[in-house]
Structures are given as structure tokens and as C-alpha cells.
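J.: Below is one structure. I have some questions about it.
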Amino acid sequence: MFLKGCVILKPYTLQELEERGLFSSLLSGKPVQNAWAEINNILVEATKAQDLTAAQVKSAVKKWGAKMDETSLEQRSGIYRKLADVIYSEAQSEDDELFAQGKHLAEVLELPLHLVKLADKGAKTNAYYNRCAALLTGEEKLDIQALNKVFSYDYEDGFAIRRQAFDDHFNKIFDGISESRRFSVEVEDGLITDCKTLDIPYEFKPHISSALEKYRSIWNAENHEVTAMTDLNLPLEKGEACYAYANSGLCEHKVVEREDNYFELTRKFNIDETVSFKGEHIEHPTIKEETTVLVELGYFFLTNQRIIFLGQTIHKAIALKDIENATFDGMSMITYHTKNEGNVLFKYSDESAEVMYVIFNRIKKGEYKQ
């Protein structure tokens, strides 16, 4: 970086000049690339861009047979872009001395205005993203309003870049959220602060919002006080209170028998002793499979004394003292292991299953408000 005459970090590194013998020089002339390498090397030794003069540029161009025309636009633009990257990465205000260095370098290189703007645009995009990311880690000294002034951005100009910086930052955090399946208040407060830091709204795509809401519900179930629901018209026993309810399906394990029609599915009719004929029907061997089937849909209520299921035709209530424990399959099924009725299975929505599992265990331990 060039900063007020003091070299802290330079964008230029020393380049070797190409040497050619007499024979190759006669065939192909002078190595034109040496002109730009020599200009680069002057900047390596400089303390500021103004140390490179127009006379030095013209001398190097003439010495190596280069031209300040369309044939050298790429080389000149490349030299300027290196400084532009530093300017926008390091400038502390819109009138920072670095901008004067950039203007000077563009002039002595006789770089057309449209190429200056093009190089600036690329440098600004990259640097703005990096500095927004640094804001989130506390490494950037300026706030977002000051940064926008440095880059001559209004709210909309840099919005997409700020949003991308936050999204990349959030994706790393979300990996931990999804792994733990918990979204705490502290983590959300931090994300809200991050959005304020970058001056963007706190919002996510629908599928992300849905996942966060689910993980927040699980975290709430584990950390908030379990209190009774008072707006349910549910007949309860003395001293009984309902603490959670959800739509659910009463399920049961069944062993079903089906025909092994693998050969029909693959259209490979290999007839052997396991296949028999009845009329025109090919009868295959049967296999038995254990599966979970839905018996009836209804409502599940969790009280401090019972679990209650109310379906259209089936009603079931089991005292908590008769339930030894429960297991959750990690998706939507909870199995309640009872002393008298064996395993009783309920299927819930993906959003409520783990919440019901957490609250059941807390109530079973007596962690609820009477």
C-alpha cells in the first residue's frame, strides 16, 4: 500500500527484464514487455505513485520499442489495477491521499477514462466485499456509512455485495445451527446485529426461515419455562394441566405379506420351482415385511398426568407414571414405551415432533410450572 509517503504494503513485485542475444534481437526486435516491467520496477522502489513521472514512462516505452496505443492497453490497465486494489482496500475517507496517487498513475500511463472506470469497478467490488466481511469480524475500522462514502456508493449500489458478505458469513453459522438443531436467542441477536452493521434487512429465504423457526422452537422447548395452556376446552382431572398439543397420527407396527414380483418388475420371467401357475396368473413367492402404518389421525395432548389422543373413532389416554420412557426417531415419530400397553407410536409434523419429545421429557422430570 502507498500511504502518505510511507510504504506499508506494496502491490508491485520486482520483475526480471527479458534478455536477448544479438541473433534473436535481429529476428524479433526488442522485448517490448520490458517497457512495462521497467515501469513496474520503478513503482516497486517508489514510496508513492507520484514518484513515477510521465518522462520515465515515455523513456521506458521508447527504450524498448513499446507504444502508448491500443496494443498496450492491457499492460497499462494491469499496472493501474494493482494500485486500484490497494486504494479501495485501504482508503480511510473519500479524500484519502491514495485517490490522488491513483489519478496520477492513470494520467502518466495515459489510460483512457473508460478503462480507469472499468478497473476501479472491479477493484471496488472485490474490496467492498472484503471490507464488509471484515466489518463482521471487527477487523474493519470504518462503519458501513463511512465505507459507502469511500466507495461513492448509495444504499442500493452496494446492497447486493453487502448481502453476499452477510450470506457467506451466515452460511458458516448455519452449519453449526443445523448440526446442533438449535437456534438460540443469543445467536439470533448476533445475526440481527450483523445485519444492522451492514445496513441490510434481517430476512432469509423461505426454506431458511422455516428451518430457523423449527430449530428455534426446539431451543425454546429446552430453555423456556414450561407453562400450562389455559385456552383449551379439554376435560382434565383434578390437578391436571395441559402443556402442549399437536396434530398427530396414531400408528402401529405391522407385519405385511406381499408378493415378490421382482421378475415382473424387471420383465425377466425366469421360471423355476418357486413359481406356480393358476389359470393364466403367475403366482410368485410371498415375503413378509415389518412396516409402520397410520391407524388414525387426531390430536395429541401432553399434560402433567397423561398423554391423550383424540381421534375420530379412537381415544387413548395413558398415565405418565405408566410410561417408562420415549424414543424419537430423529424425524417425526415418537415411541412411548409403556408398562402395560407396550410401545405406543405417534407420528407428528416434522416441525413439532422434536418439540413434543423435549417437552415430554421435561414434564416427566417434573420441569414444569404448576
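We did not get these values from a lab; they are worked out from the coordinates using the rules stated. Treat the numbers as computed from the prediction; the structure is a model and nothing was measured. A quick note on method: Cβ atoms are made from the backbone with ideal geometry, for glycine too, and the neighbour counts reach across all protein chains shown.
J.: Can you sort E289, E110, E18 so the residue with the fewest Cβ neighbours within 10 Å comes first?
T.: Arranged by neighbour count, lowest to highest, E289, E110, E18 become E289, E18, E110.
J.: Related question: Under the rule of -39500 (n - 2.57) per DSSP H run of 4 or more residues, summed and divided by the residues of the chain, what mean residue ellipticity at 222 nm is obtained, to the nearest 500 deg cm²/dmol?
T.: Taken over the chain, the calculation gives -14000 deg cm²/dmol.
J.: Ranked by Cβ crowding within 10 angstrom, fewest neighbours first, how are T230, T338 ordered?
T.: Arranged by neighbour count, lowest to highest, T230, T338 become T230, T338.
J.: Further, regarding this structure: Could you please state, rounded to a whole Å, how far the C-alpha centre of the range 308-370 is from the C-alpha centre of the range 31-86?
T.: So the separation of the two Cα centres works out to 76 Å.
J.: Please report the net charge: other residues with Cβ closer than 10 Å to the Cβ of A84, K and R +1, D and E -1.
T.: Once all neighbours under 10 Å are counted, the net charge is +2.
J.: Can you compute the equivalent ellipsoid semi-axes for the chain, i.e. the square root of 5 times each eigenvalue of the Cα gyration tensor, sorted largest first and rounded to whole Å?
T.: In descending order the semi-axes read 72, 34, 15 Å.
J.: Remind me, relative contact order of the chain in percent, using alpha carbon pairs under 8 angstrom and six or more residues apart?
T.: 11
J.: Considering the convex hull of the alpha carbon atoms of the range 159-223, report its projected area averaged over all viewing directions, in nm², one decimal.
T.: In nm², the orientation-averaged hull projection of the range 159-223 is 4.1.
J.: On to the next question. Treat the count of other C-beta atoms within 10 Å as a stand-in for reagent exposure and order M333, M356 from fewest to most.
T.: In increasing order of surrounding Cβ atoms, one gets M333, M356.
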